[in-house]
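Reviewing the structure listed below.
The values are calculated or read from the model by the stated rules, or taken from the named source; none is laboratory data. Just so it is clear, the model here is predicted, and its values are computed rather than measured. Here Cβ is always computed from backbone atoms with ideal geometry, including for glycine, and neighbour counts include all displayed protein chains. Quick note on the areas: whole protein, heavy atoms, side chains included, nothing else; ligands and nucleic acids left out. Shrake-Rupley method; radii C 1.70, N 1.55, O 1.52, S 1.80 Å.
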Amino acid sequence: MVPLTDGEPGLASRQARFEGDRRSREGILSRCPDTQRAEAQAACSTAWGYFVTGPGSNGIDRAGEPPGSSLPRVLVVDDDPGMRSVIRRTLEKAGFASVEAADGREAVATFRAGNLAGNLDVVLLDVGLPDLDGYEVLRSFRLEAPDSYIPVIMVTGRGSPQDVAEGLALGAQDYLAKPFHPEELLARVNSALRVKSLHDALVEKAAELEKLGRIDGLTGIHNRRHMDEVLDSRAAAVRRHGEPAGALLVDIDHFKAVNDTRGHSVGDDVLRFVATILSDGIRSEDDLGRWGGEEFLVLLPATGATGVATLAARLRAAVAASEPHPGLSVTVSIGGAVTFDGDAQALIDAADRALYAAKNGGRDRVVMDEASLVLRGVIGLGSPVVFDQVVQSAEAELRRPVRGPIARRRSPGG
């Protein structure tokens with residue numbers, strides 16, 4: 001095997017071939033329409049095993065960096081300046097950017113900065129460093145970025161099975177034994193990049209799936225799973241800070257009749273319509289989700305009975321004043337409750353009792369559970385009552401001009 005050195009026979013010709021291949025691919029990409037260039041570049045990257053980028057290309061963009069600085073970035077850690085220079089030139093000729101570190105401590109600091117900036121893709125780590133050996137540096141990398149994936153290729157003249165096993169056990173992606181050819185270096189770097197690209201894509205997809213798992217597919221608001229977790233979080237905040245929190249259960253009146261007489265597609269429109277009105281009407285700090293069927297839950301942090309009743313009255317009036325379809329009016333009944341003790345289930349039970357009372361009381365109304373009982377944590381000893389003074393005050397507030405989505409809402413056709 002011929003070592004990779006400045007004086008290696010044939011090195012210049014092989015580097016020229018790499019450069020020619022890179023320019024050829026860039027020429028092909030430059031002839032693609034802008035709308036297709038990213039797709040074509042991804043295909044080239046997969047087919048040739050390179051991530052080709054450059055000024056003005058649609059390559060791997062870095063948030064906040066100017067065009068032309070989006071080359072895949074490799075950290076080269078080696079105490080031999082000559083070796084770092086040769087590796088750097090080989091990488092740059094193949095379309096990579098590089099940053100260097102001469103010892104373990106500098107490597108850890110550079111790794112930390114690159115990880116925080118999100119502009120580090122691969123590390124070439126020499127095992128034999130003067131201060132920390134490569135295995136200690138690799139351990140430090142994992143401590144610095146336990147949740148990030150930046151592949152590390154261990155580079156060493158010691159290629160015993162024990163050395164290889166130790167590096168892989170610590171999380172190294174690959175091993176490169178000295179001496180090595182440029183082709184092998186680039187092949188291993190590109191392989192690490194492909195693995196990182198797949199890993200990042202999987203992480204992104206997992207995040208998307210996690211988000212989708214918390215969204216109701218019909219209405220686009222949060223689903224029951226998400227609201228259960230938020231409810232527990234809000235309750236814990238009440239116990240921790242001693243501030244009240246409120247809950248509203250909102251139920252669409254006579255929804256079954258809408259489905260029966262207008263069809264389920266209109267029923268779906270009504271659900272989406274009410275969800276939009278509620279979403280527009282709540283405060284930025286409130287949480288809204290579909291609790292089940294035609295029922296919605298609103299959680300109001302740091303809010304007492306007056307605030308809960310006021311918002312409930314606004315939401316009820318906004319729904320009643322609008323039409324999801326021409327000639328179709330819908331109303332909602334709302335049950336509200338407030339707690340100081342942070343008992344999540346007790347809060348929901350109280351709001352549910354109040355909603356039941358609103359339904360039995362004629363619908364299209366707001367009923368608040370007996371706040372003093374919830375406040376004292378004595379749940380189930382009192383019956384839901386309408387807070388006449390609070391709700392009347394909230395209704396009076398509605399007659400004042402309101403700036404915001406609810407005030408602007410109009411039914412279709414006028």
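Relative contact order, whole percent, for segment 162-290 stands at 25, derived from Cα pairs under 8 Å and 6 or more residues apart.
Among 241, 325, the sequence by solvent-accessible area, most first, with a 1.4 Å probe is 241, 325. In sequence order, segment 278-294 has phi-based couplings of 5, 4, 5, x, 7, 7, 4, 8, 7, 10, 10, x, 7, 8, x, x, 9 Hz under the Karplus curve 6.51 cos²θ - 1.76 cosθ + 1.60, θ = phi - 60°, and Gly or Pro positions carry x. Database remark: amide H of residue 131 closer than 5 angstrom to the amide H of 104 (H placed geometrically; neighbours at sequence offset of 5 or more, or on other chains; Pro and chain starts carry no H).
Accessible surface area normalised per residue over segment 106-205 is 45 Å², counting heavy atoms of protein chains with a 1.4 Å rolling probe. Is segment 75-125 best put as rounded, prolate or oblate by its Cα gyration tensor, with a ≥ b ≥ c the root eigenvalues, rounded for a/c under 1.5, and otherwise prolate when a/b is larger than b/c, oblate when not? Oblate is the answer for segment 75-125, as a/c is 1.5 or above yet b/c matches or exceeds a/b.
Close amide H partners of residue 98, meaning residues 5 or more places away or on another chain with modelled amide H under 5 Å apart, are 74.
Per-residue 3J(HN,Hα) values for segment 214-228, derived from phi via the Karplus relation 6.51 cos²θ - 1.76 cosθ + 1.60 with θ = phi - 60°, read 10, 10, 6, x, 7, 9, x, 9, 5, 9, 4, 4, 5, 5, 4 Hz in sequence order (x marks Gly and Pro). One chain, two ends: residue 363 and residue 199. Fully extended at 0.36 nm per residue, the span grows by 53.8 nm beyond their Cα-Cα distance. Taking the 1.4 Å solvent-accessible surface of segment 230-297 as the whole, the part contributed by carbon and sulfur is 45%.
Modelled this way, with points 7 Å down the Cα-to-C-beta line, the labels at residue 218 and residue 240 are 3.5 nm from one another. Quick one: putting +1 on the C-beta of Lys and Arg, -1 on the C-beta of Asp and Glu, what dipole do you get for segment 249-377 around its Cα centre, in Debye to the nearest 20? Rounded to the nearest 20 debye, it is 300 debye.
With θ taken as phi - 60° and the Karplus curve 6.51 cos²θ - 1.76 cosθ + 1.60 applied, the whole-hertz 3J(HN,Hα) list for segment 117-130 is 7, x, 10, 10, 10, 8, 10, 9, 10, 6, 6, x, 9, x Hz, x standing for glycine and proline.
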